[in-house]
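The values are calculated or read from the model by the stated rules, or taken from the named source; none is laboratory data. All of these numbers come straight from a predicted model, not from anything done at the bench. Here the Cβ positions follow ideal geometry from the backbone for every residue, glycine too, while neighbour counts run over all protein chains shown. Side chains are part of the model used for accessible areas, which takes the heavy atoms of the whole protein and leaves out ligands, DNA and RNA. Shrake-Rupley method; radii C 1.70, N 1.55, O 1.52, S 1.80 Å.
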Amino acid sequence: MSEFHHVSVLLEESIAALKIKPDGIYVDGTLGGAGHSSRIAAQLTTGRLVGIDRDPVALAAAEERLAPWKDRVSLVHSNFCQLDSALDSLGIGKVDGILLDLGVSSPQLDDGERGFSYMVDAPLDMRMNSEDVRDAHQIVNTWSYEELKRILYDYGEERYAPQIAAAICRRREDRPIETTLELVDIIRSAMPASALREKQHPAKRSFQAIRIAVNDELDSVSKVMEAAIPRLNPGGRLAVITFHSLEDRIVKNAMNAAAKGCTCPPSFPVCVCGKKPQVVCITRKPIVSGEEELERNPRARSAKLRVCEKL
């Protein structure tokens, strides 16, 4: 499994943000290639690391990479949004830190057979967990025009969503759309010449939207933000790395809401909801990659790290 190699983004910054204690319990909810996890495990003595990933390929690679610290590591095949059940299955109540790296890992993008990339011809798949039923082929070939337009707008922020959705529907009337490059051609055909001359690949936003829909990513982020903060010990840290504005907005709003506590309307003279602040936000503005990291890894350009601490 050594071919699964992912360059961890904001590695130093996220490890520092967790303030790791040698005897603490930490969760890496998006294990990937275990770049972050190996750094966490190396700092533990009597502590414990729980690694969660929905991708069996990533999980197998992480097990190999974390072998030197296997006495302090527990791996769980699950979606990070099922954080509660993952911890319950291990008999763990509260933890001292949770790390979430919400980006698609480089091996997933680069493995042509998995259908994430708009640069390599492959079957339309895009599943992070190959055991899931829904894939990109199903969405592209069976979802209605309105559903396709909605996800392209909402998840890809694609301004040509109506034209692209219509082009997909026209093409599939003749025959099913089977491959990534076939889909890229359809997307290109629906966009004006001016858009095709932009620096960004014309299919990038659409592929992002379809991938998010396949893996139900935004709903998963909302669920894990609800679950993570109550599982932290006082002083425990939640560190979340996002890669696009939709995820970042969910994380930012969840942290700010937990830091505010009270949900009463501003017109109320006194609080009647009784909700108290649960966290303090450590990062008023997100931490981003420096020039040195961007030179090594251009994919880090859109990464943002937000951190909060349990009160």
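Which numbered condition trips up LYS199, out of (1) over 24 Å from the mean Cα position of the chain (by Cα); (2) under 30 Å from LYS310 (Cβ atoms)?
The single condition LYS199 does not satisfy is (2).
Assuming HIS201 fulfils every condition listed in (1) surrounded by fewer than 23 Cβ atoms within 10 Å (Cβ to Cβ); (2) in contact with a Phe, Trp or Tyr (Cβ under 7 Å, 6 or more places away or on another chain); (3) in a helix (DSSP H, G or I); (4) of a type outside the set (Phe, Trp, Tyr) apart from one, which condition is it?
(3)
Considering every residue within region 221-230, establish whether at least one is among the β-branched types (Val, Ile, Thr) and within 23 Å of ASN129 (Cα to Cα).
First, pick out the residues of region 221-230 that are among the β-branched types (Val, Ile, Thr): 221, 224, 229.
So of that shortlist, the ones also within 23 Å of ASN129 (Cα to Cα) come out as 221, 224.
Yes, region 221-230 contains a residue that is among the β-branched types (Val, Ile, Thr) and within 23 Å of ASN129 (Cα to Cα).
Just give me the residues in region 1-23 being open to solvent by 50 Å² or more (accessible area, probe 1.4 Å), of a type in the set (A, V, I, L, M, F, W, C) and at pLDDT below 95, in sequence order.
Going through region 1-23, the residues open to solvent by 50 Å² or more (accessible area, probe 1.4 Å) turn out to be 1-3, 5, 7, 12-13, 16, 19, 21-23.
Now restrict to residues that are of a type in the set (A, V, I, L, M, F, W, C): 1, 7, 16.
Across region 1-23, the qualifying residues are MET1, VAL7.
Is at least one residue of region 111-123 at pLDDT 95 or above, of a type outside the set (Gly, Ala, Ser) and open to solvent by less than 20 Å² (accessible area, probe 1.4 Å)?
No, region 111-123 contains no residue that is at pLDDT 95 or above, of a type outside the set (Gly, Ala, Ser) and open to solvent by less than 20 Å² (accessible area, probe 1.4 Å).
Identify, please: which residue in region 290-311 is of a type outside the set (D, E, K, R) and in contact with a Ser or Thr (Cβ under 9 Å, 6 or more places away or on another chain) and is, among those, most open to solvent (accessible area, probe 1.4 Å)?
Our first condition is that a residue be of a type outside the set (D, E, K, R); within region 290-311, this holds for 290, 294, 297-298, 300, 302-303, 305, 307-308, 311.
Then keep just the ones that are in contact with a Ser or Thr (Cβ under 9 Å, 6 or more places away or on another chain); that gives 297, 300, 302-303, 305, 307-308.
Working: ASN297: 20, ALA300: 0, SER302: 58, ALA303: 1, LEU305: 0, VAL307: 2, CYS308: 0 Å².
My answer is SER302.
Can you give me the number of residues within region 36-49 that are of a type in the set (A, V, I, L, M, F, W, C) and either at positive phi or surrounded by fewer than 24 Cβ atoms within 10 Å (Cβ to Cβ) (or both)? Let's see the steps before the verdict.
So in region 36-49, the residues of a type in the set (A, V, I, L, M, F, W, C) come out as 40-42, 44, 49.
Filter once more, keeping what is either at positive phi or surrounded by fewer than 24 Cβ atoms within 10 Å (Cβ to Cβ) (or both): 42, 44.
Residues flagged as of a type in the set (A, V, I, L, M, F, W, C) and either at positive phi or surrounded by fewer than 24 Cβ atoms within 10 Å (Cβ to Cβ) (or both) within region 36-49 amount to 2.
What's the number of the condition TYR26 fails, among (1) aromatic (Phe, Trp, Tyr); (2) modelled with pLDDT of 95 or more; (3) not in a strand (DSSP E or B)?
For TYR26, the failing item is (3).
With ARG172, ARG134, ARG159 as the choices, which residue is surrounded by fewer than 20 Cβ atoms within 10 Å (Cβ to Cβ), without any contact (Cβ under 8 Å) to a residue 40 or more places away in the chain and part of a loop (DSSP other than H, G, I, E, B)?
ARG159
Just to be sure, is ALA86 of a type in the set (Gly, Ala, Ser), at pLDDT 95 or above and under 26 Å from SER8 (Cα atoms)? Before you say what the answer is, go through the steps one by one.
Numbers: of a type in the set (Gly, Ala, Ser): yes; at pLDDT 95 or above: yes; under 26 Å from SER8 (Cα atoms): yes.
When the stated conditions are applied, ALA86 passes them.
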